[in-house]
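The values are calculated or read from the model by the stated rules, or taken from the named source; none is laboratory data. Since the model is a prediction, treat every value here as computed from it, not as a measurement. When we count neighbours, we look across all protein chains shown, and the Cβ atoms used for this are built from the backbone with ideal geometry, even at glycine. Ligands, DNA and RNA are excluded from the accessible area calculation, which covers all protein heavy atoms including side chains. Shrake-Rupley method; radii C 1.70, N 1.55, O 1.52, S 1.80 Å.
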Amino acid sequence: MLIRIRAAMPALRPSEGRIAELIVGDPAAAANLSIAELAARCETSTTSVVRFYQRMGYAHFKDFRIDLTREAAREELAKSRLPEVSGDIDRHDSLGEIVSKVAMNETLSLADTARALDMEALGRAVALVLSARRIDSFGVGASALVGLDLQQKLSRIGRTAINWHDSHSAWTSAATLNGTCVAVAVSHTGATVDTVEFLAIARKSGAATVAITNFRDSPLAATADVTLTTAARETQFRSGALGSRIAQLMVVDCLFTGVAQASYDESMAALRDTYAVVHDRIVHKRTR
């Protein structure tokens, strides 16, 4: 439930957004509130609360509260295995507290992404990449690093993969793709204009399109044939792309490993050859 709520937050009305923020911030406390109490805490109406839980897929508030109680317990259990910290990163935190909070944020982002990742969608993405003549990837900012990681991994197993750093170059390349190619776009919000445009051009050219994003209802997801969703938790340092980047890299690792496994003999041979080239270079440097 909490994964769905976080994913829906950008598209919620302001009143529903306040409800979501309260629930995500303290699910255990929210699970003990009545509809009227929840509405009062969020300075909204009971109608907004009803609309919110129905939007989350529940016909009755009782069922919503039961699932929220379960989610709160799971959340507490997950956090109990991590260093004891509370709250977001604060200006007065020590470096030790920062390390603990970043570790908790990224660990929970990975765990939530593993739970939320659609296996059928992942299988379809693996099949598309496996049969593609060429794979083009693109992202902006921290997402560009994720696209580069995908390109490097696929290249290691003999796949023709290109990552574009510049949007104009990405667009012109996308216009030359065809039905034998796959375009992969990475964006946490799924609303980065340049990234959405890249995937739209690639799709219009006939290429298969894959989106890696945190929000299934985003413009990027609407342009993709296959959407692989993360479930990242971001701190107030959102622009630093903490949980989002690590969750995207996990999805890329799963996609790459799926492709490598499906072409096991060929991929293992390529990995051995590429490792040998790099290893020999390191050895030669050391002996000089």
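Each row is one residue, and each column tells you yes or no for (1) under 30 Å from ASP273 (Cα atoms); (2) touching a Leu at 6+ places or on another chain (Cβ under 7 Å).
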position	(1), (2)
LEU130	yes, no
ARG133	yes, no
ASP136	yes, yes
GLN151	yes, no
ALA161	yes, yes
THR192	no, no
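Considering ARG74, ARG65, which residue is under 16 Å from ILE19 (Cα atoms) and either open to solvent by 20 Å² or more (accessible area, probe 1.4 Å) or of a type outside the set (Gly, Ala, Ser) (or both)? Exactly one residue qualifies, and that residue is ARG65. If you filter segment 215-260 down to residues that are within 15 Å of LEU122 (Cβ to Cβ) and either open to solvent by 50 Å² or more (accessible area, probe 1.4 Å) or of a type in the set (Phe, Trp, Tyr) (or both), you find that the one that is modelled with the lowest pLDDT is ARG216. Any idea how many residues of segment 12-25 are surrounded by 14 or more Cβ atoms within 10 Å (Cβ to Cβ) and either more than 31 Å from the chain's Cα centre (by Cα) or not in a helix (DSSP H, G or I) (or both)? Selection size over segment 12-25: 1.
Scanning segment 26-43 for residues that are over 28 Å from the mean Cα position of the chain (by Cα) and open to solvent by 30 Å² or more (accessible area, probe 1.4 Å) gives ASN32, SER34, ILE35, ALA36, GLU37, ALA40, ARG41, GLU43. The set of residues from segment 26-42 being in a helix (DSSP H, G or I), modelled with pLDDT of 90 or more and not hydrophobic (A, V, I, L, M, F, W, C) comprises GLU37, ARG41.
Only residues that are assigned to a helix (DSSP H, G or I) and open to solvent by 70 Å² or more (accessible area, probe 1.4 Å) were counted in segment 151-170, giving 3. Residues that are open to solvent by 40 Å² or more (accessible area, probe 1.4 Å) and not in a helix (DSSP H, G or I) within segment 100-126 comprise just one, ASP118. Among the numbered criteria (1) farther than 19 Å from ALA8 by Cα; (2) over 11 Å from the mean Cα position of the chain (by Cα), which one does ASP217 miss? Against the list (1) farther than 19 Å from ALA8 by Cα; (2) over 11 Å from the mean Cα position of the chain (by Cα), ASP217 comes up short only on (1).
Screening VAL129, VAL146, VAL193 for residues that are of a type in the set (A, V, I, L, M) and open to solvent by 40 Å² or more (accessible area, probe 1.4 Å) leaves exactly one candidate, VAL193.
Contact map, segment 182-205: first residue assigned to a helix (DSSP H, G or I), second residue of a type in the set (D, E, K, R), Cβ cut-off under 9 Å, separation 6 or more or different chains; pairs are PHE198/ASP136; ALA202/ASP136; ARG203/ASP225. Does SER137 satisfy the criteria of being modelled with pLDDT of 95 or more and either polar (S, T, N, Q) or surrounded by fewer than 16 Cβ atoms within 10 Å (Cβ to Cβ) (or both)? Here the answer is yes, as SER137 does meet what is asked.
Identify the residue in segment 48-74 that is part of a loop (DSSP other than H, G, I, E, B) and aliphatic (A, V, I, L, M) and, among all such residues, is farthest from GLY25 (Cα to Cα).
ALA59
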